[in-house]
Every structure is written in C-alpha cells, then in structure tokens.
Amino acid sequence: MKILGISAGTKNGSNDAVCKEALMGAKEMGADVEFIRVLDLDIKHCTGCIACVKALMTGKGNLCSLKDDFEWLLDKMLNADGIVIAAPIFEKGTAGIIRTITDRFGPRMDRGNNVISDKIATATDGKKPDTRILKDKVISFMGVGGSDWGTRIECDHAMLAMTPMWKVIDNVKFQWSKKIIVEDEKIELAHQIGKNLVEAANDMETASFRGTEGVCPHCHSRNFYLSNDSTHAVCCLCGIEGDIVIEYGRTKFIFPEEQISHTHNTLSGKFIHGNDIKRMERELIEIKKTDEYKNRVKKYSEFLIPIMPQK
Ligand SMILES: Cc1cc2nc3c(=O)[nH]c(=O)nc-3n(C[C@H](O)[C@H](O)[C@H](O)COP(=O)(O)O)c2cc1C
C-alpha cells in the first residue's frame, strides 16, 4: 500500500507539518509513505494547446507538450494507492500551484476521455493511455489558512479529484492556523486523515467521503452559482442544476433525479460534456476555414504585439 503526501507550502512550514502528520498516521497503518513538496518542482502552467486531447482522441496515448517535472509527479501520483494533499489557502482558495496541477490534469486525466481513448486505441491498433489512469484511487485534502478567508478551498481541492474520478475521503480546511504545528487537536485530525486514507485505500470499492456533510448531497460542495431572480442554483463542483430552498431553517439543494447522470464526476456526465465539446470543436474547424475568421485573426494579430521585459 503506497500513500503519497504532497505539500504545497514552504519548507518545514505548516503544510509540510500536517502533510507529514497524515503520512505518520498512514505509516502507523502499515503503508509505505513518500513525501513531495511541489514548490521544489518545475511545474509549468497549462497553455491550453490541447495536444493532450488530440493525442487521446487519435489513439496516440496520453501525453503533454510541456517538458518539466509534471511527468515525474504524475508518475508518483499514479503509482500511489492514496494521496494526501496539504495546501495553503491563498485568496480564499487553494494555492496557484495546486490549481496549475488541476489544469494539467484536465482534460488529459479526465476519466471519460481516457475511457474513450482506450477504445479508439484498441480499434485503431494505436497507443493506449497508461492503464494506471483508469484505476480507482483515494485522495484527501487539507487546506491550511492564516485567517478566516477560505470559502473556495474545499471546492478547489475536490475539483482536482473530479477529473480522474478519484474518491475524496477527507476534505478539511484549517483556519487561523499559522501555528497549527502546536495545535494538538488539528494535528490529531491530520493524523486521523492519514489513517482514514489507508483504510479507504484498503477497500477502494466501498470507500466513501468521511468529512462533514456539504450542501450538495451529491458531491458535498458548499459552493453554488446562484440566480438573483429565482431559486435556481448550479453546484460549482459537480454541476448539478436545481434549486436552493430553506427547509426547517436549513439551506437545502433540491434537483430532479435525472440531473445525476449529468454530474461532472460521473462517466455519463463526462461523456455528455465530451460530446458537447466535440460538437463545438467541429464547428470551430469549419469556422476557421472562412475568410471572416481569418480576417478577424489578422486584425487582432496586427493590432499591438505583447510587450516583454528587456533581458
Ligand atoms: C498570497 C497569500 C495569500 C493568502 N491568503 C489567505 C487566505 O485567503 N486565507 C487564509 O486563511 N490564509 C491566507 N494566507 C495565509 C496562508 O494560508 C498561510 O501563510 C500558509 O498556510 C502557510 O503555509 P506554510 O507554513 O506551509 O508555508 C495567505 C498567504 C499568502 C502568502
């Protein structure tokens, strides 16, 4: 059993500490543990070149055009049965480096895309995506903040797991936690999170979320995109569309049953989204052939060139 700990904090800071504490808990349960501090790595931003989508959809395997340490990190993540990520809360959400890893995951690590790619590769005798991508995995998150700003953190974190459809076991935020290293209750929770992760990884099939119940009954998110002229609401995480209502003094999210098949963390929902994108990409290919499109590209490319610092 391999558990990988990833910290997005500074060297020997709060995030390193809680991540290592969770790994101590995991080790106590018999797991082999490894620790990575992502800021030690060279991880570039996703440029949106979609080389990954083109490769997946033409039976050329799972790849990225960027050359940096991401491939090494991904290999470590794919080799682990469970992953625990500790990341600082920056501007109410997760640290930019974790957002970057989330961007580098999708669409390349999207479970739906990889299922389709696997079929295309089989039919065309092409290159199949790494089999480890389609394996189940469990993951837990800890967001560490120095104040009470943290309304997007759990949502940002669960988003990383949504792309490959890894099961989220714990997803906590520690607020006012600059001195977390000496706060025993929080440290104990981090330790327990490591133990929970091993337990979940031992029984991947029945493993389920162990954190506090959210407002969305499907994905536990508390983040919604609200309408200001009705009760209509969209879950920012899983994408379910429904209504926010107040029942017995509590906020409740209700939605039609058929919405479940559209959720972004189900294969059916991923296929719906994939088909919508395919349709849009096909339209784009046709539009790009037109003079109108070419003239507009010319207009914008000729108006101003980006300025750069003098080296
Ligand atoms: C740019 C920046 C933004 C921050 N934004 C928040 C925030 O929105 N909410 C919060 O609780 N803490 C915030 N903090 C505090 C960090 O979360 C805290 O410094 C971090 O968890 C320390 O982690 P480390 O000791 O592992 O490096 C911010 C810190 C920085 C540097």
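The values are calculated or read from the model by the stated rules, or taken from the named source; none is laboratory data. On a predicted model such as this, the values are computed, not experimentally measured, just so you know. As a convention, Cβ positions derive from the backbone with ideal geometry for all residues, glycine included, and neighbour counts pool all protein chains shown.
Screening 293, 225, 300 for residues that are assigned to a strand (DSSP E or B) and among the aromatic types (Phe, Trp, Tyr) leaves exactly one candidate, 225.
Counting only helices (runs of 4 or more DSSP H) that sit completely within the range 1-103, those holding 3 or more residues that are free of Cβ contacts under 8 Å to residues at least 60 places away in the same chain correspond to 51-57, 70-79.
In this entry, residue 105 is excluded by the filter for residues that are within 16 Å of the ligand (Cβ to nearest atom) and either buried (at least 19 other Cβ atoms within 10 Å of the Cβ) or aromatic (Phe, Trp, Tyr) (or both).
Does residue 126 count as at pLDDT 95 or above, within 16 Å of the ligand (Cβ to nearest atom) and surrounded by fewer than 24 Cβ atoms within 10 Å (Cβ to Cβ)? The answer is no for residue 126. Within the range 45-89, the residues that satisfy the criterion of being within 16 Å of the ligand (Cβ to nearest atom) and either under 18 Å from residue 278 (Cβ atoms) or touching a Phe, Trp or Tyr at 6+ places or on another chain (Cβ under 9 Å) (or both) are 84, 85, 86, 87, 89. Considering each of 68, 40, 16, 75 in turn, give the residue that is out of contact with any helix residue (DSSP H, G or I) (no Cβ under 6 Å at 6 or more places or on another chain) and surrounded by 19 or more Cβ atoms within 10 Å (Cβ to Cβ). Within the list 68, 40, 16, 75, the selection yields 16.
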